[in-house]
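A.B. asks: Can you keep this structure in mind? I'll have questions shortly.
Values in this text are rule-based calculations from the coordinates and carry no lab data. Bear in mind the structure is a predicted one, so any value in this text is a computation, not a measurement. Glycine gets a Cβ as well: all are built from the backbone with ideal geometry, and neighbour counts include every protein chain shown.
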Amino acid sequence: VLVDTGGIDDEDDTITNHIRNQALLAIEEADVIFFLMDGREGLTPSDHEIVDILRRTEKKVFFIVNKIDSPEIEDTLLTPFWELGVEKLWPLSGDHGYGYATLMDGLVPFLEKSDLEIDLPENTMRIAFLGRPNVGKSSLVNAIIGQERMVVSNIAGTTRDSVDTLVSRDQYNYLLIDTAGIRRRGKTTDKLEKFSVLKALKAIGRCDIALVVLDAEEGITEQDTKVISYTQDQGRALIVLINKWDLIKEDKKRQEQLLLEVELALKFIPFAPVLKVSALTGTGIKRLFPEIGKVYRQFHQRFPTAALNRLLAEAVARHEPPYYHGRRLKFYYTAQLGTAPPLFAVVANDPKGIHFSYQRYLTNCFRDGLGLDRVPVRLLFRERSGRKK
Ligand code: GDP
């Protein structure tokens with residue numbers, strides 16, 4: 001995940017509190033830091049100040065001098081920066097690519113799994129609670145943990161970005177990933193919002209099911225929509241929880257309006273279940289686990305190839321594919337490539353000619369035929385190999 005902190009330089013060359021905070025926050029959130037300086041401009045007072053801050057972190061910092069557009073000028077442009085007393089300077093031309101390969105090679109040893117993974121029991125359902133500050137993520141996790149028959153395991157783990165709790169219920173194991181678990185510092189600024197998105201992205205990356213929590217009173221915001229679309233970019237299962245339902249329990253008009261808003265936001269993700277809950281009163285919490293179970297089963301389900309091929313043949317027979325460049329599109333066979341999300345390869349004579357609407361038709365046939373009504377379903381169209389056209 002790449003985060004651009006935006007210009008942390010200032011007009012009058014002094015480092016303001018705001019800039020300092022931003023740099024500190026970036027350092028705290030990152031695993032590896034690229035600090036870029038401007039080789040054409042030379043060393044500036046704010047470079048000095050930021051390097052002072054960077055010296056205090058134990059994280060890997062690459063001190064990069066940018067705008068070194070060719071090897072001949074490298075020595076000249078780099079010289080003033082040695083004054084910083086850093087061990088290594090990385091010459092780079094972001095525009096021309098000079099130094100890029102070397103920098104990437106330098107980065108590789110520092111790329112590793114950044115999130116601490118605790119040893120989870122087999123088939124643990126990993127559930128991430130996502131949403132804006134104060135929508136009630138932690139309250140929901142607490143409400144769930146406080147339920148009857150819920151056994152909280154003592155091997156809970158904590159990463160820098162979330163608090164994980166392992167719970168079991170009816171012999172099933174769940175890892176609850178609470179992205180609010182680490183308390184926010186200070187007031188929310190644009191930059192902080194940006195970093196909470198980073199936190200969300202990391203949690204999405206390691207969950208099966210993303211629970212996006214909304215506040216019934218505040219409704220759905222642009223940030224919620226963004227997080228929802230990230231869950232789909234990463235192919236996660238999604239459940240939307242409208243929390244604080246107690247606050248609008250009596251207000252039928254508000255309920256209608258809110259549900260419409262949510263429906264609109266989920267226009268391209270109509271399969272995502274939407275549940276009304278209240279962490280405060282416990283409403284809807286009981287229904288959450290059966291729903292999670294259904295979603296998880298679909299997300300990890302495997303299908304026999306024979307059944308898939310039958311389904312494909314029937315779908316094609318029911319609605320013949322159109323011609324493309326004078327040839328009728330042919331579909332030969334299909335197989336499941338993977339789960340989480342369910343992914344199927346469909347082998348055809350001319351995959352490029354399959355119109356989007358026909359792709360959607362086939363995806364819907366798979367969805368209906370396989371009973372995958374709650375999770376994303378992906379079809380990959382492949383050309384049959386090893387045969388002359
Ligand atoms: P987080 O930042 O998303 O983890 O939100 P919190 O769990 O800290 O909750 C923020 C505030 O909302 C707290 O004051 C909670 O008491 C309140 N809250 C959480 N869930 C509900 C709910 O279902 N109903 C009502 N009325 N308040 C809630």
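A.B. asks: Compute the separation of the alpha-carbon centres of the range 44-113 and the range 318-376 and state it in Å as a whole number.
C.D. replies: Using only Cα atoms, the two centres lie 48 Å from each other.
A.B. asks: With a cut-off of at most 10 other beta carbons within 10 Å, and DSSP calling the residue loop, which trypsin sites (Lys or Arg not before Pro) in the range 16-111 qualify? Please list them.
C.D. replies: Taking the range 16-111 and a limit of 10 other Cβ atoms within 10 Å, the loop trypsin sites (Lys or Arg not before Pro) found are 56, 88.
A.B. asks: Taking every eigenvalue of the Cα gyration tensor of the chain, multiplying by 5 and rooting it, what semi-axes result, largest first, whole Å?
C.D. replies: In descending order the semi-axes read 43, 33, 20 Å.
A.B. asks: Scanning the chain for GluC sites (Glu not before Pro) in DSSP loops with at most 16 other Cβ atoms within 10 Å, what's the longest stretch left with none?
C.D. replies: Working: sites that count: 11, 41, 58, 87, 112, 117, 122, 148, 217, 218, 250.
Answer - 251-389.
A.B. asks: Continuing with the same structure: Against the longest principal axis of the chain, how steep is helix 222-233, in degrees 0 to 90 to the nearest 10, with axes from Cα atoms?
C.D. replies: Long axis of 222-233 versus the principal axis of the chain: about 70 degrees.
A.B. asks: Find, among the chymotrypsin sites (Phe, Trp or Tyr not before Pro) in the range 58-90, those assigned to loop by DSSP (not H, G, I, E, B) with at most 12 other beta-carbon atoms within 10 angstrom.
C.D. replies: Those that pass, being in a loop and sparsely packed, number zero.
A.B. asks: In degrees, nearest 10, range 0 to 90: what is the angle between the Cα axis of helix 45-55 and the longest Cα principal axis of the chain?
C.D. replies: 60
A.B. asks: Assigning unit charges at the beta carbon (Lys, Arg +1; Asp, Glu -1) and nothing else, what dipole magnitude in debye, to the nearest 20, does the chain show about its Cα centre?
C.D. replies: For this selection, approximately 2900 debye.
A.B. asks: Over all directions, average the projected area of the Cα convex hull of the range 266-375 and note it in nm². Show your work: numbers first, answer last.
C.D. replies: Numbers: hull surface 32.2 nm².
Result: 8.1 nm².
A.B. asks: Can you tell me the Rg and Dmax of the range 42-116, counting just the alpha carbons, in angstroms?
C.D. replies: 13.6, 44
A.B. asks: Rounded to the nearest 500, what is the 222 nm mean residue ellipticity of the chain from helices alone, with -39500 (n - 2.57) per DSSP H run of 4+ residues and division by all residues?
C.D. replies: -10500 deg cm²/dmol
A.B. asks: What angle, in degrees between 0 and 90 and rounded to the nearest 10, separates the Cα long axis of helix 356-370 from the longest principal axis of the Cα atoms of the chain?
C.D. replies: With rounding to tens, the tilt is 60 degrees.
A.B. asks: Give the percent of DSSP beta bridges with both residues in the chain that are antiparallel, rounded to the nearest 5.
C.D. replies: Close to 35 percent.
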